[in-house]
Structure formats: structure tokens, C-alpha cells
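Structure first, then comments.
Derivation of every value follows stated rules applied to the coordinates shown; laboratory data play no part. Given the structure is predicted, the values throughout are model-derived calculations rather than measurements. Cβ atoms come from the backbone with ideal geometry, glycine included; neighbour counts cover every protein chain shown.
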Amino acid sequence: MMMNKVFHGTTIIGFSVGDKLAIGGDGQVTLGEEIFKAGAKKVRKIDGYDVLVGFAGAAADGLTLLDRFEEKLSEYSGNVQRSVVELAKDWRMDRYLRRLEAMLVVISRTGNYVLSGNGDVIEPDDGICAIGSGGGYALAAARALLMASDSQKCPADIVKISLEIASGICIFTNSNITILTI
């Protein structure tokens, strides 16, 4: 008998302050009720562009979306906003892409975006993008840290602390954290 197991997990958070960009993600992949992998890398720096991306959801689907986004960046000469919008249009219209079960976070100096499988492009008011099973926890932690901070903390520090907090709450998030900065 074949069991229908579903991959869960991942917390991705990223944002920018001035010229400083940071994105981070945990490494846990779960299959059903089991931890399947602890050290997955779900965040990437796109070569040739000052853009950081991360995905949550099915790994193959997330990687497919990353590839498509990179193609759009190349096609639109590094225009992040245009690339995000065009990918979202394709995602909504293309029968193959519509079946992908993943979300993307895109962090750049020109804007921070969350892309959903419904074709949504969301540019958060505060610029903090968080997705995945622990995304809400990481988002709340980042907002609290930014509000309580007497001194300016760098985005990488906020991302790291937020992911550590999320990993202590969300069972689908671990403390094997990868952080990328520009």
C-alpha cells in the first residue's frame, strides 16, 4: 500500500535596509511526520544581479520557479519588478506552472516581493517577506526586533534571530539556518 505523504516545512524570511539585503531559510524538509532532511538550502543569490531569492514548498517546484525567475531577470535586463510580474502572469496562465506547489520570496534593492501560486505578487508594506510553515513566527519576530531595537541592527542579524525564534516554535522549521547577504 502506498501512503500519500506530503512534504512540509521551511521558513524563509528576507528584507532590505538601504543597500543591505538579507535572506535566510532553515534546512528542514519533512515527509509526513518524519524529518527527511535537515540541511536543505532553500535560498539563493542570483549571479549577475543583486537579487536574493528563497522558496518554500515542494523542492522541485521551488527550483523550477527559481529557474523561471532567473530567465525573466535575464529577459528583462535585471528589472526585478517586471520580472516578478511576468513570472506571476506565466504562473497563473500556464497549465504546467499552475500545478506547482511553492512560493517565492525575492529581495532586491528596488523592491521585496512574495509570489504565490495563485499569481499573486505581494510587496509587503514594511518590506519584510516571510513564507513557509514558520513564516508567521519569523515575521512577528522580525517586526518585534525592529520595533524594539535601539540601535540599527543589520538585516542579516534580524533574519538570523527571527529564524531562530521560528525554529523554537514551528515543528517544521529547524535551526540549521542559511543566510545570504548583499
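Rounded to the nearest 500, what is the chain's calculated 222 nm mean residue ellipticity when only DSSP H runs of at least 4 contribute -39500 (n - 2.57) each, over all residues?
It lands at -10500 deg cm²/dmol.
With no solvent and one equal point scatterer per Cα, compute the Debye intensity ratio I(q)/I(0) for segment 52-104 at 0.14, 0.27 Å⁻¹ and report its log10, rounded to two decimals.
With one equal scatterer per Cα and no solvent, log10 I(q)/I(0) is -0.31, -1.09.
Ranked highest first by average number of other Cβ atoms within 10 Å, how do 64-76, 101-113, 164-176, 117-129 line up?
Ranked from most to least packed, the peptides come out as 101-113, 164-176, 64-76, 117-129.
Output the pairs from Lys37/Lys160; Lys72/Lys160; Lys37/Lys153; Lys89/Lys153 with a Cα-Cα distance over 24 Å in this structure; if there are none, say none.
Lys72/Lys160; Lys37/Lys153; Lys89/Lys153, as the Cα separations exceed 24 Å there.
Any idea what % of Cα-Cα pairs in segment 74-150 are farther than 17 Å?
Working: 1520 of 2926 pairs.
Tail of P(r) above 17 Å: 52 percent of Cα pairs.
Pull out the extension gain between Tyr76 and Ile169, defined as 0.36 nm times the separation in residues minus the alpha carbon to alpha carbon distance; nm, one decimal.
29.5 nm
To the nearest 20 debye, what is the magnitude of the charge dipole of segment 69-182 about its Cα centre, counting +1 on the Cβ of each Lys and Arg and -1 on the Cβ of each Asp and Glu?
The calculated dipole for segment 69-182 is roughly 140 debye.
In µm²/s, what is D for the chain at 20 °C and 1.002 mPa s, where D = kT/(6 pi eta Rh) by Stokes-Einstein and Rh is the Kirkwood radius from Cα pairs? Can you show the working numbers first?
On the way: Rh = 16.3 Å.
Rounded, D is 132 µm²/s.
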